[in-house]
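Down below is the structure, laid out as structure tokens.
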Amino acid sequence: MNGTLKRTAVACLAMFALLMINANYLQAVRASDLEEDTRNQRNYFERYEVQRGRITAGGDVILAQSVETDKGDFRFLREYPEGPLYAHVTGFFSPESESGIEKATNELLDGSSPDLLLRRSIDLFTGEPTRGANVDLTLNPRAQKAAYDALRQEGKRGAVVALDPRTGAILAMVSLPTYDPAELSKPQKQPVFQRYDELAKDKSQPLLNRTIDRTYAPGSTFKVVATAAWLEEDSSRDAQTPVEAPVRLSLPQTSHQLPNYGGAACGDGRPPMVYALEKSCNTPFGKIALDLGYDKMLEQSQKFGIRQRIGIPMSVAPSDIGPQEDPAAIAMTAIGQRSTQMTPLQMAMIAAGVVNDGKVMKPYLVNKVTDAKGDEIDAADPQELSEAMSADNARKLRDMMVSVVNNGTAKNAQIPGVAVGGKTGTAETAKGQPPHAWFIGFAPAENPKIAVAVLVESGAASVGAEATGGGVAAPIAKVVMEAVLNQ
Amino acid sequence: MPAKRRVAQLVMLAFAVLIVMVAYANVGLAIDEQIPSGMLTYGLGLGGLMLAAYLVLARFAPWADPLLLPLVTLVNGIGLVMIYRIERGGEDLASATNQLIMTGAGVVLFTVTLIALRDHRALQRLTYTSGFIGLFLLVSPLIPGLGKEINGARIWIGFGPATIQPAEFAKLALVVFFAGYLVAKRDVLALAGRRLLFIDLPRARDLGPVLITWGVSLGVLVMQKDLGSSLLLFGTFIVMLYIATQRTSWVLIGILLFVGGAFVASQLFDHVQQRIDVWLNPENDELFRKVGGSEQLMQGLFAMGAGGILGTGLGQGHPSLIPLSFSDFIFAAVGEELGLTGVMAILMVYALIVERGLRTSLSARDPFSKLLAGGLSFLLAWQVFIIVGGVTNLIPLTGLVTPFMSQGGSALLANWVLIALLVRMSDAARRPPPQAIQNEGLTQVFQR
């Protein structure tokens, strides 16, 4: 029997060899395919294994944090103590994806960034678990809260974004309607996907960050850019230089005419520039743009940052004045209509550039990144994006905008004892739709602390006329500016 | 002449217990960040148990193979740790305490077998009794009032709250029966019949026992929906028939019968056909979503994939995602947390146990011992192959326990008895033969 026993032994060895070869095939060759299979729930368990870093505002207000749990497969759960207030900034951390800062700084937060290599090596050596880095944002909690409350009181969709004009640090970023990021950051797929579906299908688009993800016609606020181009063309021009301001401006190669609002006259037909801006006449700016031409208007807009890919670190939808069309189109561009499409952030950058002696700073949200031990890994380094105007011309324009708040359409933005500058806007959208209300501005004019852009979608429904931007948007901006100035 | 190697055995045993203790501490550190509080009692318990087994072995089977007990201790211990870890992962059906108690009972049964059964050849006299007991145990779950159906398979009998899987014990009884029967009839069975092409066909009337075993295992398959046990029994019988008769034709006939039977079964029963579909296309999404489809298998494969080469580490995987992670799929849970490295090591331990069993069989001095040891060793190898091969999708998945690792008292007790039998036989095989009286002055040897 020993012969057959030996053959049986060989057969047994062959069986074990087959099992081993198959295990090698599974765990070495096919492992990555199996790991990537969408039905493999481990893919999103791992997201909850690492203690993800905190997101804070102003150093101490916690916007997002990971809290350890003691049961089940999810070790750390994500919490958002401030709820919907910062939703569009922090974004969410769902089982399979993330958004906002959670997405843009994901590698820092989950500790996988190359910048954290040293920290990870030390942790490996000392046997401590890897922890994500903490991200501190530039947001000013008071300004954020003020913007959120003021915009919410209006009861409309809209956006508020505020910058520190001298650095580009973003002080407030509010978009309404909003959502609670906690609802989208539970580890359970089913309820999260269901809630996400509801939000995605909601016509009011609560998931959209209106400050950077969407562009709007800027309306009369864009006259600031036209004025900048006009000043830059000839350094002898200033606020008192008269401009042509007919009741109706004939547009070339078309029978259309550009009127002032309500067909009104603009002063005596040759008012000083500052008057045209204060009253937000249309025809002088149309005329200016026609004289400058498309290229110069485009150049000036680009100097303020349009058509640039900007990451704050979330990527910002590019703003544009549109392609060169018929000669008449540029007159409409000057008053922020036709193909002119700006994000609220871009409009805030324009106000900030004017008050910062013509220098547009690159906007940013991340103030500081520290590892779990508190050691600094990265800190904000304010950078100049471009020089939009000469310092001289910038001061002329700045003073004209102060005049708009003191004497013109933006009186609602006045703050006693502070030189506030600004420009209102009312942007017509589709026919039959109420126009959007805009305000861009800054305070104080000397040593500026804040530049702000406010957009209220269809905000002009209740209040009439060109004063809309001043009636709806300017008071919101005022509250936000006060929140920053009164600190 | 083989040595007793008692010190080596004790050191290996201590090492096996140490590995298990380190693994246990590892689970605690990973989950609670501290050494489990039960570490000392657990360690002393397992260590004491194995020391007792060793002492009984040293007293009652001093020449036994020194590797068997430490190897079995290692897989049994790793199984315990995995069940503890799976229980901690939130699986309500997993209970490390129960498994530890059953391990204790298994070791008691091991020592009782060693003490009570001084000469395993006594079993040869019980050939037909064993066959009867084996068949009765096999069909007992079908007896109304006694049998219980759990998870769609009618393979349990219950006394009040306690349930027993009699097939686990039936396997042992039937292997004893096969060994006794084949030793008695092997000359008849080995007698050449007609020669067709290159194969010696047996005589038709000698096919009887083969056909009966085939019928019984098909009956098990059909009545109890227990594919695994059916395949296990039939395969073991065919191999023992081959060992006894030294005729390849039996293996070929056996394979043909099984394939034929399986084909008919797959045509008649959906669950058999579905197992084959799952085996061929486990990743098919439709099958994945189907009730009783490929999801269970894929979850096991996902776990093995997640483990990769080095594994996630004990306590750091997700066994809760694997259905039946504590019983049929425990090997997938091992694959995730210990990785390919752990999987290879454990397969190697099983291979060593089987190899030591077959070595015992080779060196045994009588045909019954050879067949019994060979049969039991193959039974173990075949069982590991069927369940591990099934879980890793090498072959169609059929439910079986992973010997010594899966949770379940019946299998654990039966397998400890199996090891006791191998130890008993290895003791007999390695024991030096009694000294022949060599006094040529008194005895004349005549030769014709």
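Using a 7 Å offset from Cα along Cα-Cβ at residue B:283, what residues in segment B:303-322 end up with backbone N under 16 Å from the label point? Taking a point 7 Å out along Cα→Cβ of residue B:283, the residues of segment B:303-322 whose backbone N falls under 16 Å are B:303-306. First select every other residue whose beta carbon is under 14 angstrom from the beta carbon of residue A:54; then total the charges, Lys and Arg +1, Asp and Glu -1. In short, -3. Shielding by partners for peptide B:339-345, expressed as the average number of C-beta atoms from other protein chains within 10 Å of each residue's C-beta, is 4.
Treat the count of other C-beta atoms within 10 Å as a stand-in for reagent exposure and order B:230, A:121, A:113 from fewest to most.
Values: B:230 26, A:121 10, A:113 19.
Taking fewest neighbouring Cβ atoms as first place, the list is A:121, A:113, B:230.
Residue order for A:294, A:216, fewest other beta carbons within 10 angstrom first, comes to A:294, A:216.
From its DSSP helices (H runs of at least four residues, each -39,500 (n - 2.57)), the protein assembly as shown gives a residue-normalised ellipticity at 222 nm of -16000 deg cm²/dmol.
Mean per-residue shielding of peptide A:33-42 is 6, counting Cβ atoms of other chains within 10 Å of each Cβ. Comparing B:433, B:66, B:403 in a Gaussian network model of chain B where C-alpha atoms under 10 Å apart are linked, the largest mean-square fluctuation is found at B:433.
Taking amide H positions as modeled 1.01 Å from N, with prolines and chain starts lacking one, the residues under 5 Å from residue A:171 and 5 or more places away or on another chain are A:162, A:163, A:164. For residue A:293, nonlocal amide neighbours, meaning residues 5 or more places apart or on other chains whose placed amide H falls under 5 Å from its own, do not occur. Most mobile of B:135, B:394, B:268 per a Gaussian network model of chain B (Cα springs, under 10 Å)? Ranking B:135, B:394, B:268 by mean-square fluctuation puts B:268 first. Given a 10 angstrom Cα cut-off, can you work out which residue in B:167, B:30, B:332 is the most mobile in a GNM of chain B? Maximum fluctuation in the GNM of chain B, among the listed residues, is at B:30.
If you plug the beta carbon distance of residue A:2 and residue A:188 into 1/(1 + (r/R0)^6) with R0 = 56 Å, you get a FRET efficiency near 0.35. Work out the length of the dipole vector of segment A:163-234 about its Cα centre, built from +1 on the beta-carbon of each Lys and Arg and -1 on the beta-carbon of each Asp and Glu, and round it to the nearest 20 debye. It works out to roughly 380 debye. Inter-chain Cβ neighbour count for B:305-313, averaged per residue, equals 5 (cutoff 10 Å, partner chain atoms only). When segment B:6-430 is described by a simple charge dipole with +1 on each Lys and Arg Cβ and -1 on each Asp and Glu Cβ, the residue from B:46, B:323, B:352 located farthest towards its positive end is B:352. A simple charge model with +1 on the Cβ of Lys and Arg, -1 on the Cβ of Asp and Glu and nothing else charged puts the dipole of the protein assembly as shown at about 4100 debye relative to its Cα centre.
Look at B:398, A:227 and count the other Cβ atoms within 10 Å of each Cβ; fewest to most, that gives B:398, A:227. Centre-to-centre, using Cα atoms only, segment B:333-387 and segment A:78-117 are separated by 52 Å. Could you give the longest part of chain A that holds none of the GluC sites (Glu not before Pro) found in DSSP loops with at most 13 neighbouring Cβ atoms within 10 Å? With GluC sites (Glu not before Pro) excluded where exposed in loops, chain A gives A:97-324 as its longest stretch.
Throw me the Rg/Rh for the protein assembly as shown, computed over C-alpha atoms with Kirkwood Rh, two decimals.
On the way: Rg = 41.7 Å, Rh = 33.8 Å.
Computed over Cα atoms, the ratio is 1.23.
Would you mind checking A:156/A:186; B:185/B:370; A:103/A:186; A:156/A:189; A:296/A:449; A:201/A:303 for any pair whose Cα atoms are more than 26 angstrom apart? Don't skip to the end; give the middle numbers.
Working: A:156/A:186 29 Å; B:185/B:370 15 Å; A:103/A:186 16 Å; A:156/A:189 32 Å; A:296/A:449 30 Å; A:201/A:303 37 Å.
Violating the 26 Å Cα-Cα cut-off are A:156/A:186; A:156/A:189; A:296/A:449; A:201/A:303.
Ranking B:408, B:216, B:103 by how far each Cα lies toward the positive end of the dipole of chain B (charges on Cβ) leaves B:216 at the top.
With charges only on Cβ, +1 for K and R and -1 for D and E, what is the dipole size of chain A about its Cα centre, in debye, rounded to 20?
On the way: 51 positive and 58 negative charges, 155 e Å.
Dipole about the Cα centre, nearest 20: 740 debye.
Think of segment A:60-172 as a dipole: +1 on every Lys or Arg Cβ, -1 on every Asp or Glu Cβ, centred on the Cα centre; then among A:140, A:162, A:94, A:162 lies furthest on the positive end. The phi-based Karplus calculation (6.51 cos²θ - 1.76 cosθ + 1.60; θ = phi - 60°) puts the 3J(HN,Hα) values of segment B:318-331 at 10, x, 5, 7, 8, x, 6, 4, 8, 10, 4, 9, 4, 5 Hz, whole numbers, x for Gly and Pro.
Out of every Cα-Cα pair that segment B:6-430 contains, those further apart than 43 angstrom amount to 11 percent. Using the Karplus relation 6.51 cos²θ - 1.76 cosθ + 1.60 with θ = phi - 60°, the per-residue 3J(HN,Hα) values for segment A:6-22 come to 5, 5, 5, 4, 4, 4, 5, 4, 4, 4, 5, 4, 4, 4, 5, 4, 5 Hz, with x marking Gly and Pro.
Coordinate-derived values only; no laboratory data. In this text, all values refer to a predicted model and were calculated from it rather than measured experimentally. With ideal geometry, Cβ positions are generated from the backbone for all residues, glycine too; neighbour counts draw on all protein chains shown.
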